[in-house]
Every structure is written in structure tokens, then in C-alpha cells.
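The values are calculated or read from the model by the stated rules, or taken from the named source; none is laboratory data. What you see is a predicted model; the values in this text were computed from it and never measured. Note that each Cβ is placed from the backbone with ideal geometry, even for glycine, and that neighbours are counted across all protein chains shown.
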Amino acid sequence: MITDINETLCSEFELPMEKLTESAILADDLGLDSLDAVDMLVLLEDKVGIKLDAEKFQHVKTLGDVYKLVEEII
Amino acid sequence: MSNVCITGVGLVSSLGHTPDALFDNLKNNKCFFQEEPSWKELIGLNTHVSSPAQNYDVSHLPRHTRRSMSPMSKMGYLAAHNALKDAGLTVSREANSTSKLYKTDSLKTLLMMGSTTGSPIFLEEYFTKMIKNGGPVGQLSTAFLKTMNHSVNANVALALSYSGPSISPSSACSTSSQAAIMAMQFIRSGIYDVAIVGGADELHSTSASVFDIAKASSCHYNDRPQEIPGPFSKERDGLVVSEGSGVLILESEDHVKKRGGKVYAQILGGQYMCDGIHMTQPQSCQMAITMEQALRDANISKKDIGYVNAHATGTKVGDYEEAKAINSVFGETNVAVSSLKGHLGHSLAACGAIEIIGIIEMMKNKMLIGNRNVTEVLDGFSGIDILKSNKQLKLNYAISNNFAFGGMNTSLVLKNLM
């Protein structure tokens with residue numbers, strides 16, 4: 001699942017794989033802004049085929065938070 | 001009233017992305033019309049030829065800038081960037097920039113670029129997904145940013161880091177010529193010193209089908225697009241849809257003199273008018289009135305005009321009506337007339353500005369470009385010289401026409417200042 005998420009981030013947001021660590025802060029370390037966050041939710045839902053909790057997704061700070069949120073749903 | 005000068009040009013087109021490349025291809029009678037095999041699969045579409053822009057690249061822009069850009073915005077950015085560079089102007093937010101840099105904090109500049117619609121490529125993608133999913137689920141946030149009507153203007157502003165007055169005009173095929181005339185009026189009145197004006201459109205089957213439905217697209221030369229008869233030809237069978245962007249930097253004479261910039265030409269006058277008669281049927285009388293109004297605004301005699309750059313797209317009705325209009329205005333002068341759409345194809349919102357760049361090149365090179373692929377010109381207009389080949393001529397004054405669905409007519413007068 002982490003591989004799937006990372007591949008999506010890699011291809012859609014042009015992020016190098018080595019930067020995709022659990023502790024990476026979405027805004028500061030990966031340069032993802034509010035528009036990217038909206039699109040990440042859509043792309044991840046498409047990837048895992050399950051609707052994610054948009055409310056909770058608004059509060060994610062790190063990539064680890066994203067992994068956790070997706071794992072919880074799956 | 002300030003004189004309005006053209007001090008920079010930029011383009012992305014099917015004939016190249018520099019004025020030199022454009023003129024070289026025009027001079028050598030080139031066109032790069034090609035077959036569009038995928039269009040054959042579309043039920044009811046009769047034209048299968050297009051004239052795509054030559055390869056271009058904006059991968060150097062940051063992802064945050066590129067993510068909201070469709071092809072029309074990418075082409076628009078490149079044309080605008082190159083036009084500013086050509087003019088020797090740099091958009092900068094820094095108040096302490098050197099004197100050569102243009103400071104956007106003065107609010108005396110205008111960005112005015114438009115397109116026919118928002119991105120047709122992403123409109124198709126958006127609605128295809130929406131119909132498939134039964135609602136907006138799965139849509140990316142950037143979809144709207146590519147499909148909104150002022151997408152080109154907004155994306156160019158972002159990519160240039162331009163902050164300042166901005167308007168996005170839209171009148172289909174007369175978008176960029178109308179933008180140039182409006183900017184001329186603004187600069188004359190002293191509202192702005194500099195205007196970045198132009199248009200952009202991207203290739204898509206819907207653009208072709210708009211003309212196809214109106215029986216205005218070329219469909220008898222699908223297997224040999226290089227042989228499509230040119231504008232004003234007796235054999236003309238319709239237009240070829242293209243794409244691209246043309247951008248002009250317009251500046252008040254005082255502003256360009258003060259900074260020591262170069263000048264190509266002056267926009268002496270112009271007019272844009274809606275005919276209010278018919279949405280699609282070209283009206284020669286209204287075209288003629290528009291040209292006469294432009295000449296009046298320029299305070300120049302028709303006898304001074306050495307060349308008419310026609311809108312003529314290669315359609316049966318449009319070319320005839322325009323020839324009739326030109327003949328009624330210039331009939332006694334034997335003025336030279338040609339259209340560049342037999343070479344470039346029809347780039348819709350971009351064509352006006354690209355064609356003005358073509359006229360500037362003709363002025364610079366002292367050569368008029370003849371209509372491409374014309375053996376016999378349409379009958380009945382012996383008072384004007386519809387060019388079948390290039391012609392050596394020192395061109396001092398020219399008039400540029402562009403017309404559009406919706407009954408839009410535009411004409412502007414250029415004076416050679418090189």
C-alpha cells in the first residue's frame with residue numbers, strides 16, 4: 001500500500017522517491033499545497049478504490065499521517 | 001493622445017516559434033498541414049486534417065505553475081515570455097529594478113490575452129469523467145483552472161509572476177486582434193503605458209467540428225493536405241484548424257522612447273464591431289464599414305495602404321464576402337491582398353496577433369507573402385491585387401482584418417517604423 005501511495009505521489013507530483021519518507025512534512029518537505037492536497041485525496045481514492053475520510057485528510061501533516069489514514073480505511 | 005507602438009513580438013505556431021522562422025517558411029511557401037487519423041473515428045466529422053504547432057517545451061517551469069496549464073496556456077506563456085524578451089522588458093515585482101526592467105507595481109501595464117473557450121482537451125476530459133462517474137467524483141482541482149474562460153490569461157500571469165491589471169477578452173477568431181485594438185485605445189487614453197496582448201488556442205476535434213458543421217472546413221483533401229487550395233482560390237474547399245499563440249507588446253511612444261527601446265510598427269488605428277445581423281454569415285458591408293472605420297481612426301487615406309492582410313480562411317462564403325468588402329473599400333487602388341491561413345492554418349484566437357507578426361516581417365523584409373496554393377483567384381474583383389505569389393514591395397502601411405463567429409469584425413492599420 002505504501003508503495004502504491006508513493007508511486008502515485010511520484011508520478012502525479014513529480015516527487016523523487018527518496019524524499020518520500022514517513023516523517024516528510026507534506027508542505028515543507030514535499031512542497032505540496034492546498035490544491036495538491038485536494039488532488040492527492042482524489043488520486044489516492046482512485047488508486048485504492050475506497051473513499052477516504054476527507055475531514056480527517058484535511059488535518060494530515062506528514063506522509064506518515066497519509067499512510068495511517070489510508071491503512072485505517074483499508 | 002499617445003502614439004501606440006509595437007515593441008516586441010512572440011509566437012508559437014505551426015510554422016515555427018520565432019518571427020524569422022515564420023517568415024522563412026512563409027517566403028518558401030511552406031505549410032505543415034497533416035492528416036489526423038484519430039478524427040476519422042469521429043462520427044460525422046468530415047475534415048481529417050490539421051495544422052499543429054511545432055514542438056514546444058515548458059518543462060523548465062515549476063510544477064506548481066504547470067499543473068493548471070493546458071496546451072493553450074503553455075503556448076501563451078512561451079509567446080508572452082518571448083515577446084517581453086524581444087521588447088527588452090522584464091516583469092518584476094522588485095521596486096528597485098534597473099531602468100530597463102518593467103515594474104508591475106506601477107499599475108501602468110496591462111495583460112490582455114484570451115482564447116476561444118477554456119481548454120477543449122480538458123473540457124472533454126472533465127465531462128467524459130463526469131458522465132462515466134455520474135457526478136463530479138474523481139475530478140482534480142486543477143481541471144477547472146484549465147477550462148475556465150480566462151485560463152490563458154491567468155496562467156500566463158502566474159508563469160510570468162505578473163501582478164497588475166488584467167483582462168481576458170474572448171471573441172473566437174478575432175480575440176487577439178480585438179485585444180490589440182482595445183489595448184491601443186487604452187494606451188492612447190493614457191490609462192496604460194504598456195500592454196501585453198494576444199491570444200492562444202489549442203488543437204482539438206471540437207474546434208474542427210464547429211467549422212465542419214457549418215460546412216466551412218476542408219474535407220476533399222484529407223489524404224493530401226499539402227494540396228488544399230489556398231484562400232481566395234477558385235477551388236477553395238474550406239479551412240484547416242491550427243493552434244498556437246501570438247503576443248504583441250504595445251507601448252506608448254513616450255514610454256519606449258524614454259527607455260530607449262526599439263519599435264517595429266505603430267498601430268495607427270483600428271476598429272472592432274459586431275454586425276448584429278447574423279451569427280455565422282459573413283457580411284461584406286459590415287466588413288467594409290469596419291475597414292473604413294479603422295482607416296478613419298488611423299487618419300489615413302486608403303491610397304496609402306500597400307497591403308491588406310485578409311482574414312480569409314479558405315471558405316467559400318467568407319473569402320468571397322471579404323474580397324467583396326476589400327474591393328468596395330480599395331477597389332480603385334489595386335491594393336495587394338493575401339491571407340496567411342493557407343500556410344499557417346487557422347489558429348483561432350491566436351491568428352490576429354500571429355498575422356500582425358507576419359505583416360511586421362513583410363515590412364522588415366520588403367516582401368509581401370502571396371496566398372498559398374492558388375492557381376486561379378475567385379472572379380469579380382479586378383480592382384484589387386489578390387496575390388498568387390510573393391511580391392517585392394517596401395511596405396509602409398498595411399491593414400489587418402480578422403473576423404469571427406458572432407458577427408465580430410476587426411480591422412487595424414499598421415505603419416512601418418523600421
Take the stretch B:19-48 and flag every residue that is touching a residue at least 12 places away in the same chain (Cβ under 8 Å) and part of a loop (DSSP other than H, G, I, E, B).
B:ASN29, B:LYS30, B:CYS31, B:PHE32, B:PHE33, B:GLU36, B:LEU42, B:GLY44, B:LEU45, B:ASN46, B:THR47, B:HIS48
Go through (1) buried (at least 16 other Cβ atoms within 10 Å of the Cβ); (2) over 26 Å from B:SER59 (Cβ atoms); (3) within 14 Å of chain B (Cβ to nearest Cβ); (4) not basic (Lys, Arg) for A:LEU9 and report which single condition fails.
(2)
Assess whether B:ASP379 counts as being farther than 17 Å from B:LEU11 by Cβ, at pLDDT below 95 and over 18 Å from the mean Cα position of the chain (by Cα).
yes
Out of B:SER301, B:SER328, B:SER338, sole residue that is touching a Leu at 6+ places or on another chain (Cβ under 6 Å), hydroxyl-bearing (Ser, Thr, Tyr) and either within 19 Å of B:LYS388 (Cα to Cα) or surrounded by fewer than 24 Cβ atoms within 10 Å (Cβ to Cβ) (or both)
B:SER338
Which one of these does B:PRO136 not meet: (1) within 14 Å of another protein chain (Cβ to nearest Cβ); (2) assigned to a helix (DSSP H, G or I); (3) without any contact (Cβ under 8 Å) to a residue 40 or more places away in the chain?
(2)
Answer yes or no as to whether B:GLY246 is of a type in the set (Gly, Ala, Ser) and touching a Leu at 6+ places or on another chain (Cβ under 8 Å).
yes
Filtering helices (runs of 4 or more DSSP H) wholly in the stretch B:167-266 for at least 1 residues that are aliphatic (A, V, I, L, M) and at pLDDT below 95 gives B:205-213, B:253-259
Take the conditions surrounded by fewer than 16 Cβ atoms within 10 Å (Cβ to Cβ), away from chain B (no Cβ under 12 Å), within 12 Å of the chain's Cα centre (by Cα) and modelled with pLDDT of 95 or more and apply them to A:THR21. Does it pass?
yes
Pairs returned, first residue in the stretch A:30-51 that is more than 10 Å from chain B (Cβ to nearest Cβ) and free of Cβ contacts under 8 Å to residues at least 40 places away in the same chain, second residue that is exposed (fewer than 15 other Cβ atoms within 10 Å of the Cβ) and assigned to a loop (DSSP other than H, G, I, E, B), beta-carbon separation under 7 angstrom, 6 or more apart or interchain, are A:ILE50/A:ILE74
One residue from A:LEU26, A:LEU15 being over 12 Å from A:VAL70 (Cβ atoms), away from chain B (no Cβ under 12 Å) and surrounded by 15 or more Cβ atoms within 10 Å (Cβ to Cβ)
A:LEU26
Residues that are farther than 25 Å from A:LEU43 by Cα, surrounded by 23 or more Cβ atoms within 10 Å (Cβ to Cβ), touching a Cys at 6+ places or on another chain (Cβ under 9 Å) and more than 14 Å from every other protein chain (Cβ to nearest Cβ): does the stretch B:147-157 have at least one?
no
